[in-house]
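S.K.: Have a look at the structure that comes next, please.
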Amino acid sequence: QAELNALREDSNRRAREVLSGETNGSLAADAGGGDAKMEDSTKEGVDLQTTNNPCEVYRFSETRGERPKVTDPSDDIINTQHLMQESDPNYGPTRTSKSRGNHPLLTPADESSLITFFCSKIPLLIGPRATLSSCRRSAKVASTACLLFRRFYLCNSVMMHDPKNMLAAAAFLATKVEDCMINIGYLEMGTKEMSAPVPMQDILDAEVKFIKGIDFDLLVFSPYKTVLAYTEDLRTFLKSEKGKGLLSFSGSHGEQRLLASEDLRPIHDAAMQICDDVIVSDIPLLFAPGEVGLAALMIANEYVGNGGDESHSSVDMMGYVRSRFHGAVNASAVDAVTHRVSKLGQMIRELKEGKYGCGNYDVNMDTLKGLNKKLKKCRAWGPADKKEGKKKKKKRKAEDA
């Protein structure tokens, strides 16, 4: 978590230095203009916010730098360290340059909130819950799009690249990665259904930048597949002599019966729903898909077991892990896995509180509207804010009069 925060702070600072004009020549040139161009534009009275200023896309490998030193990596995973605030003495510029209107810039926390919001909307554009029926694909496509989207914004800023365009580009690229191709016209229609239209050409242009931003790394694994794999393995193992004692049924009063083919379906379905929350959060960046799938099954097993339905089965999941890999893997390795999965389970329970970047719960729309207005005034992409333009025109008329 500390590393993710450090990456986001760095990408935010790079954008703030470029937009404030307080940067060295090489960085400004990378951002798509350079100090010389910026100074010339200022002298000529050009409104930089309305010009087509192509922003440089930063690649993950170029910006990662040295990884933060952590004494206990497992403890760092659930570290709730806050992002850098403006009160920090090393924070840097807080407002855009005078040529851009001297507007307040987004903080790392502001950017994180916006990324969380836009990422939570990806499953509504592509996947089984897509608003437009033509955009409905398997859950793994939505999972891939969300992970790629978060990868991109680990080293790039929403102030430099339109998150709405990148959201559509992530969805389009994910369909190719998962071999579930879609007509790009459907994605354009899907964005319109979500009241956030993105033209086809903008999606294509954004896709080129997007691929570079994720360092051309298209290798993604979905937790949905691991949930299915663990469920199938559980079904086989619980029928064996070693696994029979790990299964119980609610309301069975100690009576044992053989596992039926549908007994694990409630746990499987609940785990799949948990994964719907996991894929839009930071968790896939912190844990392997196998760990996510196992933890989702453990939490689902708790939910189903607490339901009280006599037909529902309950499995000793920790007992399953220890028994299943006993003798095949070093005992210390098994203990390490169970320790990490237990911590992951704790994080998954907290997703419903809106933690770890999960935007499916506890969304404050008033705050997001304020952040969106702030973004419109300080962004490097898109047209200038209409109201701001009207104010400038009125000011000029008053000066002429």
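The values are calculated or read from the model by the stated rules, or taken from the named source; none is laboratory data. Just so it is clear, the model here is predicted, and its values are computed rather than measured. Note: ideal-geometry Cβ built from the backbone for every residue, glycine included; neighbour counts use all protein chains shown. Heads up: the accessible areas ignore ligands, DNA and RNA and are worked out on the full protein's heavy atoms, side chains in. Shrake-Rupley method; radii C 1.70, N 1.55, O 1.52, S 1.80 Å.
S.K.: Using the heavy atoms of the protein chains alone and a 1.4 angstrom probe, what is the accessible area of the stretch 190-346 per residue in square angstrom?
M.R.: Working: 7690 Å² over 157 residues.
Per residue, the stretch 190-346 has an accessible area of 49 Å².
S.K.: What does the highest-first list of 372-381, 236-245, 180-189 look like by mean Cβ count within 10 Å? Spell out each step's value before the answer.
M.R.: On the way: 372-381: 18.8, 236-245: 13.7, 180-189: 16.5.
Going from most to least packed, we get 372-381, 180-189, 236-245.
S.K.: Which whole-number percent gives the relative contact order of the stretch 206-303, counting Cα pairs below 8 Å spaced six or more residues apart?
M.R.: Details: 62 pairs, mean separation 37.1, N = 98.
For the stretch 206-303, the relative contact order is 38 percent.
S.K.: 5 Å is the cut-off here: which amide hydrogens, built 1.01 Å from N in the peptide plane, fall below it relative to Lys242, excluding neighbours closer than 5 in sequence?
M.R.: Under 5 Å from the amide H of Lys242 lies no amide H from a residue far enough along the sequence or on another chain.
S.K.: A follow-up question, please. Say R0 is 56 Å: what FRET efficiency, to the nearest 0.05, do Lys98 and Ala229 get from their beta-carbon distance? Don't skip to the answer; put the middle values down first.
M.R.: Values: r = 58 Å, r/R0 = 1.03.
Calculated transfer efficiency: 0.45.
S.K.: What nm value, rounded to one decimal, do you get for the distance between Ser240 and Gln346 when each label is placed 7 Å out toward the C-beta?
M.R.: 3.1 nm
S.K.: Quick one: which residues, 5+ away or cross-chain, put their amide H under 5 Å from the amide H of Arg95? H built at 1.01 Å from N.
M.R.: Leu105
S.K.: Please find the FRET efficiency linking Asp205 to Ser248, where r is the Cβ-Cβ separation and R0 is fixed at 56 Å, and quote it to the nearest 0.05.
M.R.: Working: r = 56 Å, r/R0 = 1.01.
Between Asp205 and Ser248 the formula returns 0.50.
S.K.: What whole-number value in Å² describes the accessible area per residue of the stretch 108-167 for a 1.4 Å probe?
M.R.: Values: 1420 Å² over 60 residues.
Value returned for the stretch 108-167: 24 Å² of accessible area per residue.
S.K.: May I ask for the equivalent-ellipsoid semi-axes of the stretch 84-232, computed as the square root of five times each C-alpha gyration tensor eigenvalue and listed largest first in whole Å?
M.R.: Working: eigenvalues 184, 71, 36 Å².
Sorted largest first and rounded, they come to 30, 19, 13 Å.
S.K.: Carbon and sulfur: what percent of the stretch 122-235's accessible surface (1.4 Å probe)? Before the final figure, lay out the partial values.
M.R.: Working: 2460 of 4300 Å².
About 57 percent, which is the carbon plus sulfur part of the accessible surface.
S.K.: Sum up the charges of everything whose Cβ sits under 12 Å from the Cβ of Ser195, counting Lys and Arg as +1 and Asp and Glu as -1, but leave Ser195 out. Write down the numbers at each step before the final one.
M.R.: Details: positive: Lys121, Lys164, Lys192; negative: Glu193.
Net of charged neighbours comes to +2.
S.K.: Okay, moving on. Report, in cubic angstrom per residue, the convex hull volume of the C-alpha atoms of the stretch 280-384. Working shown, then result.
M.R.: Values: hull volume 15.7 nm³, N = 105.
With only Cα atoms used, the stretch 280-384 gives 150 Å³ per residue.
S.K.: While we're looking at this one, here's another question. Going down the list Lys121/Lys374; Lys352/Lys377; Lys192/Lys355, which pairs span over 26 Å between their C-alpha atoms?
M.R.: Details: Lys121/Lys374 20 Å; Lys352/Lys377 32 Å; Lys192/Lys355 29 Å.
Those over the limit are Lys352/Lys377; Lys192/Lys355.
S.K.: Starting from the Cα-Cα distance between Cys180 and Ala260, subtract it from 0.36 nm times their residue separation and give me the gain in nm to one decimal. Please list the in-between numbers first.
M.R.: On the way: separation 80, 0.36 × 80 = 28.80 nm, distance 3.35 nm.
Going from the current span to full extension adds 25.4 nm.
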